[in-house]
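The values are calculated or read from the model by the stated rules, or taken from the named source; none is laboratory data. Here the structure is a predicted model, which means the values were calculated and not measured. Cβ placement follows ideal geometry from the backbone for every residue including glycine, while neighbour counts extend to all protein chains displayed. To get the accessible areas, we keep the full protein, side chains included, count just its heavy atoms, and leave off ligands, DNA and RNA. Shrake-Rupley method; radii C 1.70, N 1.55, O 1.52, S 1.80 Å.
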Amino acid sequence: MENDLNENKYLYGEIENTVFIKAIGNSTMKNSKTVSDILDKLLCNDKKELILDMSECRYVDSTFLGLIAKYAMEIKMKWGTSLNILNPTESVSTGLKQTGIEKFINKIENRDLDNLSIEEIQIKDFDDKIEKSKYILAMHKTLMNLNEQNKETFKNVVDLMEKSINTQE
């Protein structure tokens, strides 16, 4: 039951100028496109406060950590604000700390979101394998650019992904 994909989902809501995305279950390369697509659309519009609620996220893989890093940087550059991570679980906090992402986000706890109406987001995956591989590669390169330790940690993954993409194309 732990790996049941139905348990892995995202909820979305907006109240005034704040966008709220809640990750439930595991946030991985298998479902990260969903959040990436939403954030891409939001960044094309007017400035909003973005809150990623990680209070019910059991696990994040390196691809999803790369997504957090990428959008934390884009939000800072485009809007001059921070990506807010609400109530991260111990597992999520560990990943944010180990990769150095913690320096680029705003961790908040116990924010009142009672007035928020939320809806479940339909999880989407990539249309083809090459597109997915390129996305995973980009997220890992983002992590590598954060610090020297990440360069070493994710070098093998990046090398393998690049070889895989070259043989697929």
Pop a pseudo-label 7 angstrom from the Cα along the beta-carbon direction at both ASN147 and LYS48 and give the gap in nm to one decimal.
3.1
Counting only heavy atoms of protein chains, what accessible area per residue, in Å², does the chain have with a probe of 1.4 Å?
55
Pick from GLU102, GLU152, GLU74 the residue whose mean-square fluctuation is largest in a GNM of the chain, springs joining Cα atoms under 10 Å.
GLU152
For the range 10-27, Karplus-derived ³J(HN,Hα) couplings (6.51, -1.76, 1.60; θ = phi - 60°; whole Hz; x for glycine and proline) come out as 10, 10, 10, x, 9, 9, 6, 9, 10, 10, 10, 10, 10, 9, 10, x, 9, 10
Given a 10 angstrom Cα cut-off, can you work out which residue in VAL92, VAL35, VAL157 is the most mobile in a GNM of the chain?
VAL157
Taking protein heavy atoms only, a 1.4 Å probe, and rounding to whole percent, the accessible area of the chain owed to carbon and sulfur comes out at 47
In debye, nearest 20: dipole of the range 23-99 around its Cα centre with unit charges on the Cβ of K, R (+) and D, E (-)?
180
Given Cβ charges of +1 for Lys and Arg and -1 for Asp and Glu, the option among THR153, ILE136, GLY66 whose Cα lies farthest towards the positive end of the dipole of the chain is THR153
Under a point-charge model restricted to the Cβ atoms of Lys and Arg (+1) and Asp and Glu (-1), what is the dipole moment magnitude of the chain relative to its Cα centre, in debye to the nearest 20?
640
To the nearest 10 degrees, how steeply does helix 90-99 sit against the main Cα axis of the chain, on a 0 to 90 scale?
50
Report the gain in length on full extension from GLN122 to ASN106: 0.36 nm times residue separation, minus Cα-Cα distance, nm rounded to one decimal.
3.1 nm
How high is the relative contact order of the chain? Use alpha-carbon pairs under 8 Å, at least six apart in sequence, and give a whole percent.
24
Which one, MET144, MET77, MET54, has the greatest fluctuation when you compute a Gaussian network model over the chain with C-alpha springs under 10 angstrom?
MET77
Among (i) 30; (ii) 22; (iii) 26, the entry derived from the coordinates for percent of Cα pairs over 27 Å apart
(ii)
Can you give the charge dipole size of the range 78-169 about its Cα centre, rounded to the nearest 20 debye, using +1 on the beta carbon of Lys and Arg and -1 on the beta carbon of Asp and Glu?
420
